[in-house]
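Below is one structure, written out as structure tokens, with a few remarks after it.
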Amino acid sequence: MKLYDLIRGNDKLGFIDALSGKRYPAGSFHRSLEIDDHRGIVFIYCDNLVGSVEVLLNFLDSRFAVTLLSAQLNSSFKEDLENRYRPYYIYDPVRTDISGFELFRAGENIRLFRSRQRTLYPVHADIKLLLSTSGSTGSPKFVKLSDDNLVHNARSILDYMPIRPHDTVPLNVPIIFVYGFSIFTTNCIAGGNILCTSHDVLKKEFWDDFHKYQCATIGGVPYVYEMLQRIGFFRKNCSSLRYMTQTGGILNHTLTKTIAGYCATWNKQFYMQYGQTEASGRMAYLDPADILKKESSIGFPVKGGRFEIDDATGELIYYGKNVFGGYATNYQDLNEYQHTNKLYTGDVARKDEEGYYFITGRIKRIMKLYGTRMNLDEVELILKNALGGQTFVCFGLEDKYLAILHLNDELPEDAIKQVLKEKMGLHPGSLRVKYVHALPLTPNGKVDYAAVTDLV
């Protein structure tokens with residue numbers, strides 16, 4: 001069965017437009033757009049509003065492979081990606097003109113860009129969804145996911161997630177990320193209403209809508225819950241809230257205790273989870289009853305999944321039908337899909353005597369900053385290209401800050417922060433910039449990333 005068929009089978013599903021208050025039954029979006037019956041690629045620049053949802057559902061039901069990207073992506077990154085992948089359709093609510101594309105009305109409220117050349121190229125039949133491996137750097141590297149991958153992961157999440165048929169869930173996690181996408185799809189399959197909103201959980205408008213529509217859940221990365229703690233959210237009851245979900249890193253001990261106390265006092269549940277885009281979303285979760293007993297654990301694999309730990313490297317290996325079919329960096333890579341059930345996660349892990357798994361580090365140069373996954377090599381390249389080819393070294397500090405070291409004592413700190421703000425949307429407060437006289441090197445002359453953290 002296809003993912004869209006599972007969603008289509010939920011006759012209670014509706015979508016609430018937070019801007020107008022109008023509710024759209026899911027059936028009103030079924031084949032509501034006039035799109036060609038081809039096997040090609042569509043780029044959907046999403047903003048979590050009802051228009052993006054309508055476009056996404058129509059293309060999930062089509063023969064097209066769907067690519068989800070941020071509507072706020074830098075324009076030069078958009079152009080580069082479009083040149084690399086040659087999409088047949090583009091949905092972008094930000095732009096009014098794209099070279100080589102014609103803008104037309106595809107539905108009552110939807111405009112699409114269609115390639116003037118309408119060039120088609122081979123796309124493997126099993127590729128249904130393309131997600132970027134890096135949320136905001138405009139990386140051309142996409143994860144190739146099939147309908148089977150997505151269905152298996154959705155069903156494994158529904159096996160433990162307490163979604164009810166009349167639940168309303170707000171789209172506060174962007175659906176361009178696999179976490180947000182899986183929240184969207186699982187609630188479309190088993191829930192009641194999806195609240196389409198551009199507000200995040202730190203905005204008053206979000207909570208006005210949350211209470212108005214009696215939302216049942218929120219999701220977020222550790223930073224979101226840290227901010228909720230700061231504004232006093234956990235000091236009073238939120239009557240409609242039944243459960244919360246979290247991924248993107250481990251919570252600190254104090255916050256974990258606060259959330260556990262909140263849940264015990266007000267009869268809520270908190271699900272700590274572990275996942276990667278390459279596994280279609282979530283690979284493990286910690287039962288809410290174990291939040292204090294095993295607070296830094298990722299728990300156990302989801303239904304149908306299995307973990308191993310490599311004896312030589314300590315790397316966590318995942319097995320499951322939700323494992324992706326390889327990466328793509330341009331349109332030529334879309335003519336194949338590699339079937340496998342094995343994923344090397346890049347995370348170092350251990351298992352305790354009771355069988356609980358714990359992540360203890362990373363072996364790849366990937367970090368998550370406030371839940372957004374970034375390739376640090378790509379960040380360094382962006383800075384190098386923007387600031388005259390100078391040397392930059394980037395690394396994460398406790399998943400809370402991005403550290404940037406450089407060797408030019410005349411380069412203003414603000415110039416570096418401005419580049420990362422413009423190119424990646426990173427807040428200057430999340431950056432730690434430092435000039436150093438020299439960088440530690442390994443015996444073969446490469447930067448010693450294990451030693452550079454001592455310089456900050």
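List of remarks:
- Among the residues of the range 349-367, the one identified as more than 20 Å from Leu292 (Cα to Cα) and crowded, with 19+ Cβ neighbours inside 10 Å is Met367.
Yes/no matrix, rows are residues, columns are (1) in contact (Cβ under 8 Å) with a residue 60 or more places away in the chain; (2) within 16 Å of the chain's Cα centre (by Cα):
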site: Ala264; (1), (2): no, no
site: Tyr271; (1), (2): yes, no
site: Thr277; (1), (2): yes, yes
site: Lys293; (1), (2): no, no
site: Gly299; (1), (2): no, no
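- Here is the figure for the range 74-94: residues that are touching a strand residue (DSSP E or B) at 6+ places or on another chain (Cβ under 8 Å) and either over 30 Å from Pro25 (Cα atoms) or not aliphatic (A, V, I, L, M) (or both) total 11.
- Taking the range 337-364 as the range and being within 21 Å of Ile298 (Cα to Cα) and either among the hydroxyl-bearing types (Ser, Thr, Tyr) or not in a strand (DSSP E or B) (or both) as the test, the residues that pass are Asn341, Tyr344, Thr345, Asp352, Glu353, Glu354, Gly355, Tyr356, Tyr357, Thr360, Ile363, Lys364.
- Filtered residues of the range 263-307 (kept if hydroxyl-bearing (Ser, Thr, Tyr) and either farther than 26 Å from Thr372 by Cβ or not in a helix (DSSP H, G or I) (or both)): Thr265, Tyr271, Tyr274, Ser280, Tyr285, Ser296, Ser297
- Test: Ser198 is under 16 Å from the mean Cα position of the chain (by Cα), part of a loop (DSSP other than H, G, I, E, B) and among the hydroxyl-bearing types (Ser, Thr, Tyr): yes
- Of all residues in the range 308-322, those being part of a strand (DSSP E or B) and in contact with a helix residue (DSSP H, G or I) (Cβ under 7 Å, 6 or more places away or on another chain) number 1.
- Test result for Ala190, over 17 Å from the mean Cα position of the chain (by Cα), at pLDDT 95 or above and at negative phi: yes
- Only listed residue being outside the structural domain of Thr329 (by TED's automatic domain parsing), of a type in the set (Val, Ile, Thr) and surrounded by fewer than 20 Cβ atoms within 10 Å (Cβ to Cβ), chosen from Val436, Val379: Val436
- Flag for Val123 being buried (at least 19 other Cβ atoms within 10 Å of the Cβ), not in a helix (DSSP H, G or I) and not aromatic (Phe, Trp, Tyr): yes
- Here Gly346, Gly304 are screened, and the one residue that is in contact with a helix residue (DSSP H, G or I) (Cβ under 7 Å, 6 or more places away or on another chain), on the phi > 0 side of the Ramachandran plot and either surrounded by fewer than 17 Cβ atoms within 10 Å (Cβ to Cβ) or in the same structural domain as Asp448 (by TED's automatic domain parsing) (or both) is Gly304.
- Checking Glu278 against (1) acidic (Asp, Glu); (2) more than 23 Å from Ile176 (Cα to Cα); (3) touching a strand residue (DSSP E or B) at 6+ places or on another chain (Cβ under 6 Å), the condition it does not meet: (2)
- Summed over the range 376-405, residues that are touching a strand residue (DSSP E or B) at 6+ places or on another chain (Cβ under 6 Å), outside any loop (DSSP other than H, G, I, E, B) and under 28 Å from Thr360 (Cα atoms) total 14.
- Total residues in the range 138-173 satisfying the condition of being surrounded by fewer than 24 Cβ atoms within 10 Å (Cβ to Cβ) and closer than 28 Å to Ser75 by Cα: the figure is 5.
- For the range 19-39, the criterion of a residue being surrounded by 13 or more Cβ atoms within 10 Å (Cβ to Cβ), at pLDDT below 95, in contact with a strand residue (DSSP E or B) (Cβ under 7 Å, 6 or more places away or on another chain) and in a strand (DSSP E or B) is satisfied by no position.
Residues checked against (1) assigned by TED's automatic domain parsing to the domain that holds Ser70; (2) closer than 17 Å to Leu68 by Cα; (3) of a type in the set (S, T, N, Q); (4) touching a strand residue (DSSP E or B) at 6+ places or on another chain (Cβ under 6 Å):
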position: Val173; (1), (2), (3), (4): yes, yes, no, yes
position: Phe177; (1), (2), (3), (4): yes, yes, no, no
position: Ser198; (1), (2), (3), (4): yes, yes, yes, no
position: Lys203; (1), (2), (3), (4): yes, no, no, no
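- Residues of the range 67-94 satisfying the condition of being part of a loop (DSSP other than H, G, I, E, B), surrounded by 15 or more Cβ atoms within 10 Å (Cβ to Cβ) and either in the same structural domain as Thr372 (by TED's automatic domain parsing) or not aliphatic (A, V, I, L, M) (or both): Asn74, Arg86, Pro87, Tyr88, Asp92, Pro93
The values are calculated or read from the model by the stated rules, or taken from the named source; none is laboratory data. Just so you know, these numbers come straight off a predicted model, no measurement behind them. Don't worry about glycine lacking a Cβ; one is built from the backbone with ideal geometry, like all the others, and counts go over all protein chains shown.
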